[in-house]
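Student: Next up is a structure, given as structure tokens.
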Amino acid sequence: MVVSESTHVAPPPAPEAKEARATAVKRRLWLRRLLQGQELVIAVIGVALAIFFSIYSSAFSSQSNVATLSTYVAPIMIFGIAEVFVLTLGEIDLSVGEVYVLSPFLVVYLHDAGLGVLGGIVISLVACAAIGLINGLITVLLNVPSFITTLGTVFALQGIVLLSSNGIQINPAGSGTIAKILGGSTYSPIIWALAIAVVGHIVFRRTTFGLHVTAVGGNQTASGEAGVRVGAVKIWCFVLCSLLGGLIGILDGYRIGSLNPGTDGLTMMFYGVAAAVIGGTALTGGRGTMIGAGIGAIVLGVLEDGFNIIGINAFAYQLVLGLAILGAMILNIQLERTRSGRGSGSLARLITRLGGRRATSS
Amino acid sequence: MNRPDLSKADQVSMDDKTDPPAAEDVLRVEGITKAFGPIKVLRGVDLHLAPGEVLGVVGSNGAGKSTLVKIITGYQPPDQGQLYVEGEPVDLHSVQDARSHGIETVFQDLALVDELSVYHNLFLNREVTSGGRFRFLNNRRMRADAMRYLEEIQVDIPSVDLPVEKLSGGQRQAIAVARATRREDVKILLLDEPLAAMGAKEAKLIIDLVKSLARNRGVSMLVIDHNYTHIFELCDRVNVVEQGRITLDKRTADTSLAELTEFMVSSYRQQVEGASA
């Protein structure tokens, strides 16, 4: 029953009872979210993988490998966080990987032009944000699907990087403390990544902006009718995504110690998308989780690092990674169908049916 | 069946635009026209709405109902004509603008975000925040306020923490109506097919909610529907829109489902004859 009728015969439930019932529902919800939530599932998978690799090879849990692992995880995590902003809207940013390639080059160019390293970094990040602004404006104002918009910018940016660098590998500008803080020292990238994940989570879950991102992704018309500035929210997400892309570029530049204009930004970006989606962010919008993206990044990093450690053929690695992502996505969608009560997915139905048959036959 | 009285007295005169807006009307619409290119959707609509009154607007598809709603809610400006809220002429440039004059809407697509909780939906874009510029959500306050408010208007749902997608159609509609009337200064609520695709039991709950809001909170309602049965269940008065004009204005107590149906059929017949002539 939705509305208690005025001719209610039974006395209305006591407020304490109602409160107790609401608390019970809340507790149940929390428990269900924990049990069915993508974050927990993927975290369990991550832990299982880590245990497997540790048993397989003692090198996996060595301190030097933890450092290596952290450098695998950090960029994927930041890309994942960046993409969650746009994916939750139901959009995608393909260009962020190339922004990642461009930003450390910009710092070098500005440094060569006589600017201080720090000033160069700040201006470079502003330029990256401006690229996001352009992505957002084209997508929102000209109604171009973001997939197309950012497909265009990714090639354009690639051209800019190659033209400006003549395709020659160079060293990042600056060294010393700035370089150390910005990715140069061993654990700097992962600390940045975790800090960004925490801030991202707070922004996403605890602020009006984050709520509006989810709202716009879930029902754009409804959000617009409620007065949410849909266009502004979208543009801001593209700006944030690009800005984070620029930051990882600088971090990775200092970490690696050289800048390669031919770096495959698209693949980097797709790692981020994979981390986000494996973590439970819906490509269709309306559902995003920063924690999930962080855990997804850790799982992908563990997988990549673990395969290296146990010496799986590099070609086989790509195959296994591809299948792992595919498997995770299928599981994700099936679980999601079952969870949302929109009928169980065909795979889930199949499993239940097989389970049922086994139960009856035994 | 008696042929309905189609005398001129029933029909709203299109010539009385010089009448001063009645002070007691919470909303008065005068001479609204709207054209999209060569298509004249509204050709001079006049209507009025008393405080606490539930007015039904019916008409066939393409008669101009939706355009009329969009104009009253500030979604689109009219080409000509004037809106008066409580006797004051107003020009609505946006939905926000209409809202600032106390006009709220519940749209056909429910205007809820399925993925968000009930209380986040109730507070969407009117969130309770703390922390100044950073606008941190005060979820505890919103949750408590949502529970208190829903209890007050007797909307019973399992929990305000549930995402809206977990609720039934009737519950969702109730939440949409509740959200639209949450602010104390809401004077006019527009409902676009509030009972569409709803079972009898669910519909009854919405009907009770609408009537209770009109009676207890003095909210005036404008209900757009093409189901006449719903109009008779919900409304105090009914207006018929045909070809961009109001062609009938009667209290529901003074008319009947049969009469309204017959009126619609005969005016449709006239249109067909007029077109073929």
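Every number in this text was worked out from the coordinates using simple rules, so none of it is lab data. Here the structure is a predicted model, which is why all the values come from computation and not from measurement. Methodologically, a virtual Cβ is constructed for each residue, glycine included, from the backbone with ideal geometry; neighbour enumeration extends over all protein chains shown.
Student: If neighbour count is taken as other Cβ atoms inside 10 Å, put A:Phe315, A:Phe79 in order from fewest to most.
Tutor: If I rank by nearby Cβ atoms, fewest first, I get A:Phe315, A:Phe79.
Student: While we're here: Kindly provide the pair-distance distribution of the stretch A:77-298 built from C-alpha pairs, with 10 Å bins from 0 and whole-percent values in order of increasing distance.
Tutor: Each 10 Å bin holds this share of Cα pairs: 9, 35, 35, 17, 3, 0.
Student: Please report how far the C-alpha centroid of the stretch A:144-176 lies from that of the stretch A:185-249, rounded to the nearest whole angstrom.
Tutor: 23
Student: Another one. Using r as the Cβ-Cβ distance of B:Arg215 and A:Leu141, and R0 as 35 Å, what FRET efficiency do you calculate, to the nearest 0.05?
Tutor: On the way: r = 46 Å, r/R0 = 1.31.
Taking R0 as 35 Å, the efficiency between B:Arg215 and A:Leu141 is 0.15.
Student: Does anything in the stretch A:276-315 have its amide N under 14 Å from the 7 Å Cα→Cβ label point of A:Ser57, and if so which residues?
Tutor: A:302-315
Student: So for the stretch B:114-184, averaging the separation of alpha carbon pairs under 8 Å that are six or more residues apart and normalising by length, what relative contact order in percent results?
Tutor: Across the stretch B:114-184, relative contact order equals 43 percent.
Student: For a quick check: with amide H placed at 1.01 Å from N, whose amide H comes under 5 Å from B:Val106's, ignoring anything fewer than 5 positions away on the same chain?
Tutor: Sorted by chain and number, the residues that satisfy this are B:Leu190, B:Leu191, B:Asp192.
Student: For A:Val198 and A:Phe315, what is the calculated FRET efficiency with R₀ set at 35 Å and r taken between the beta-carbons, to the nearest 0.05?
Tutor: 0.40
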